[in-house]
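To start, the structure under review is shown below, and the notes come after it.
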Amino acid sequence: SSDVCSSDLEAQNLSLKGDLGFFERLLPATDKDGAVAVRGLQAQLESPGRVRYQLLVMQSRGKTGEFQGRYELLLSGTQDGKPWTFTLPGGPHRLAFKHYQRVDGYAEVPPAAQVRQALVKVIDPRGTELASVRVPL
């Protein structure tokens, strides 16, 4: 029984060390001019008409205080052979964090749309774009 507990604890420890290493690699190496950075954006078509997205937004190392801002997700591609774009309903969505914020969400798009790329923009309370990342789907 103690071998099982020890084995479970070792597995959890390894998992936590892996998570820590992952997050350490995401940290900006130096304080850059930007207040925030999009350190990761993933988007995938989960089913016709449904795109799942995940992003990680981080404050630059050395910045103090809570970041208050918003993010906007734009999808683009084609629909019925014509260029097509989509923005999440409700306008830009709220971000509020001290070090980082992970965002998971879904976008409901027309089933006939061929989504080709996703673009996320981070904007400050005045509406100034601070960071953006574009990825293909």
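Tell me, in nm to one decimal, what length is gained between Glu46 and Leu14 on full extension, where the rule is 0.36 nm per residue of separation less the Cα-Cα distance?
Working it through step by step, the gained length comes to 8.5 nm.
Along the Cα→Cβ direction, 7 angstrom out, place labels at Arg116 and Arg102. What is the inter-label distance in nm?
In this crude spin-label approximation the distance works out to 3.2 nm.
Give the peptides 11-17, 82-88 in descending order of average Cβ contacts within 10 Å, highest first. Don't skip to the answer; put the middle values down first.
Working: 11-17: 10.0, 82-88: 13.6.
Answer by packing, highest mean first, reads 82-88, 11-17.
Quick one: net charge around His99, please, counting Lys, Arg +1 and Asp, Glu -1 for every other residue with C-beta under 12 Å from its C-beta. Walk me through the numbers before you get to the answer.
Working: positive: Arg39, Arg61, Lys63, Lys98, Arg102; negative: Glu66.
Value of the local net charge: +4.
Readers should treat all values here as calculations from the given coordinates under stated rules, not as data from a laboratory. Note that the structure is predicted; figures quoted are calculated from it, not measured. Note: ideal-geometry Cβ built from the backbone for every residue, glycine included; neighbour counts use all protein chains shown.
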